[in-house]
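All remarks here apply to the structure that follows.
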Amino acid sequence: HSIDLSAPDVEIKPLHSSILGQEHCFQVSTTNGSKYYSCRSAEERQRWIQHLRKTVEPSQEQTRRTENSLQIWILEAKNVPAKKRYFCEVCLDKTLYARTSVKSKGDMLFWGEHFDFSNLPAVDLITVNIYREADKKKKKEKNALLGYVHIPVSAISCRELSERWYTASSATVGKAGKDSKDGQPLMRIKARYQTVNILPMDAYSKLTEYLSQDYLALVEALEPQISVKTKDEL
């Protein structure tokens, strides 16, 4: 498939496997529509995305820019009927980015699924929708939206991960939805949104040289001094 990379507002982004039901895919969107591509590995996909982005913006590495990323864990839900099956959708500014797997509600309803999105456009709102899966024995039954959680990006834009229980808003419109507020699902979500300023590549030349030559001395100095959590972030 041909791609018009000279078209205005070209967006190139990786797709979570739950969107197309296939691993290692990416999407190229222009004002003329979208195309989807599948790669053989995550590394191959990353190379394609990097090359395409460089083609769209050849001077990207020579200019200052910002990169946005989101880490989000859909952990568990409460206050939903037992013996049913549920899944969640993760939407950024009303655009679907991922779905969880389907889980049954027994003693608890737990997903514990982690999603990591990078190279995002500027995002204002994260929405997590919780659905009850349709009974496959009932052909006319559809997946039912039970509720949704809105998380403003401003509430999770920090260095530390933010974890809390959220009360889902009702998917029912009108008085019935207001009356059922106490019976809405509760969802435990952990998330962090980050905006990182990146300088032109030349600004990092001395740091890159130092890390490539003296990394062992640096690691030996840091290893006993910093916590496991800090090591993970570093």
- Message: Whole percent per 10 Å bin, from 0 to the bin with the longest distance: what is P(r) over all C-alpha pairs of the stretch 116-234?
- Response: 10, 24, 26, 18, 11, 9, 2
- Task: Tabulate in residue order the Karplus-calculated ³J(HN,Hα) for the stretch 144-155, using 6.51 cos²θ - 1.76 cosθ + 1.60 with θ = phi - 60°, rounded to whole Hz; enter x for Gly and Pro.
- Result: 10, 6, 8, x, 8, 10, 9, 10, x, 4, 4, 7
- Task: Could you please state how large a percent of the accessible area of the stretch 1-124 is carbon and sulfur, counting protein chains only and using a 1.4 Å probe?
- Result: 46
- Message: Using the Cα centre of the chain as the reference point, and only Cβ charges (+1 on K/R, -1 on D/E), how large is the resulting charge dipole? Debye, rounded to the nearest 20.
- Response: 1640
- Item | the stretch 1-160 - Rg (one decimal) and Dmax (whole number), Cα, Å | 18.3, 58
- Residues meeting the amide H criterion for LEU146 (H placed from the backbone, H to H distance under 5 Å, 5 or more places apart or on another chain) are ILE130, TYR131, ARG132
- Message: Report the Cα centroid-to-centroid distance between the stretch 117-170 and the stretch 203-217 in angstrom, as an integer.
- Response: 41
- Item | In order through the stretch 223-233: 3J(HN,Hα) via Karplus (6.51 cos²θ - 1.76 cosθ + 1.60), integer Hz, x for Gly, Pro | 3, x, 9, 10, 6, 4, 4, 5, 4, 4, 5
- Message: Which residue, LEU199, THR55, ILE72, has the largest displacement toward the positive end of the dipole of the chain when charges sit on each Cβ (Lys, Arg +1; Asp, Glu -1)?
- Response: ILE72
- Message: A 22 angstrom limit on the alpha carbon distance is what I want to check against. Which of LYS13/LYS78; LYS13/LYS105; LYS35/LYS94; LYS105/LYS137; LYS35/LYS136; LYS84/LYS140 exceed it?
- Response: LYS13/LYS78; LYS13/LYS105; LYS35/LYS136
- Over the stretch 1-108, average the accessible area per residue using a 1.4 Å probe and give it in Å², no decimals. 60
- Query: In percent, what relative contact order does the chain have, based on Cα pairs under 8 Å that are 6 or more apart in sequence?
  - Reply: 18
- Message: Through the Karplus equation 6.51 cos²θ - 1.76 cosθ + 1.60, θ set to phi - 60°, convert the phi angles of the stretch 131-137 into ³J(HN,Hα) values in whole Hz; use x for Gly and Pro.
- Response: 10, 9, 5, 5, 5, 5, 6
- Sequence-distant or interchain residues sharing an amide H contact under 5 Å with LEU125, placed H: which? ASP93, VAL153
- Task: Would you mind checking the tilt of helix 205-222 against the longest principal axis of the Cα atoms of the chain, expressed as 0 to 90 degrees and rounded to 10?
- Result: 70
- Note on the structure: Longest principal axis of the chain (C-alpha) makes with the long axis of helix 42-56 (C-alpha) an angle, in degrees to the nearest 10, of 70
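The values are calculated or read from the model by the stated rules, or taken from the named source; none is laboratory data. Not measured: the values here are computed from a predicted model. Note that each Cβ is placed from the backbone with ideal geometry, even for glycine, and that neighbours are counted across all protein chains shown. With ligands, DNA and RNA removed, areas are computed over all heavy atoms of the protein, side chains included. Shrake-Rupley method; radii C 1.70, N 1.55, O 1.52, S 1.80 Å.
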